[in-house]
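This report concerns only the one structure given below.
The values are calculated or read from the model by the stated rules, or taken from the named source; none is laboratory data. Please read these numbers as outputs of a predicted model, since none were measured by experiment. Quick reminder, even Gly has a Cβ in these numbers, built from the backbone with ideal geometry, and neighbours come from all protein chains shown.
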Amino acid sequence: MKIKYKIYQKPFGSLGLFEVLACMATSVKIDLGEYQEIWSGKILSSSVKQALVDLFYIFNNDHPPGYAGRSLSVSDVKEIDGDYYFCQAVGWLKVEIQ
């Protein structure tokens, strides 16, 4: 299935850049105003979970033509079909946007 996505990154020099969310809360909110949308598109993946994996690989190893952002890293956010995922040191944390 084709899955719509957007990638958001904090600008260099921003507070919290490359920080991991250390919390046990059931709901984490991210201020998307601290981020810049750097890329969007559609990806062919079997599930949202697989799309997260595929996009991480693509934006770390095989950047699309015209992509000017940095490789995906901790603190980056992906929007997939209206849901938001925060990149942790290992895996992705589903978050809410405030």
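Would you mention how many residues in segment 76-91 are over 8 Å from the mean Cα position of the chain (by Cα) and either within 17 Å of Glu37 (Cα to Cα) or of a type in the set (A, V, I, L, M, F, W, C) (or both)?
Number of matching residues: 6.
Results for (1) modelled with pLDDT under 90; (2) within 15 Å of Lys6 (Cβ to Cβ); (3) among the acidic types (Asp, Glu), shown as yes or no for each residue.
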| site | (1), (2), (3) |
| --- | --- |
| Gln36 | no, yes, no |
| Ser46 | no, no, no |
| Gln50 | no, no, no |
| Gly69 | yes, yes, no |
| Ser75 | yes, no, no |
| Glu79 | no, yes, yes |
| Gly82 | no, yes, no |
| Val95 | no, yes, no |
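I need the full set of residues from segment 39-56 which are in a helix (DSSP H, G or I), of a type outside the set (D, E, K, R) and over 12 Å from the mean Cα position of the chain (by Cα), in order please.
Of everything in segment 39-56, those that are in a helix (DSSP H, G or I), of a type outside the set (D, E, K, R) and over 12 Å from the mean Cα position of the chain (by Cα) turn out to be Val48, Gln50.
Checking Gly13 against (1) modelled with pLDDT of 90 or more; (2) exposed (fewer than 13 other Cβ atoms within 10 Å of the Cβ): exactly one of these is not met. Which one?
Going through (1) modelled with pLDDT of 90 or more; (2) exposed (fewer than 13 other Cβ atoms within 10 Å of the Cβ) one by one, Gly13 breaks only (1).
Yes or no: Leu93 in contact (Cβ under 8 Å) with a residue 60 or more places away in the chain and either surrounded by 13 or more Cβ atoms within 10 Å (Cβ to Cβ) or more than 21 Å from Phe12 (Cβ to Cβ) (or both)?
Values: in contact (Cβ under 8 Å) with a residue 60 or more places away in the chain: yes; either surrounded by 13 or more Cβ atoms within 10 Å (Cβ to Cβ) or more than 21 Å from Phe12 (Cβ to Cβ) (or both): yes.
Spelling it out, Leu93 is indeed in contact (Cβ under 8 Å) with a residue 60 or more places away in the chain and either surrounded by 13 or more Cβ atoms within 10 Å (Cβ to Cβ) or more than 21 Å from Phe12 (Cβ to Cβ) (or both).
Can you name every residue in segment 44-57 that is surrounded by 16 or more Cβ atoms within 10 Å (Cβ to Cβ) and touching a Phe, Trp or Tyr at 6+ places or on another chain (Cβ under 9 Å)?
Those that are surrounded by 16 or more Cβ atoms within 10 Å (Cβ to Cβ) and touching a Phe, Trp or Tyr at 6+ places or on another chain (Cβ under 9 Å): Val48, Ala51, Leu52, Leu55, Phe56.
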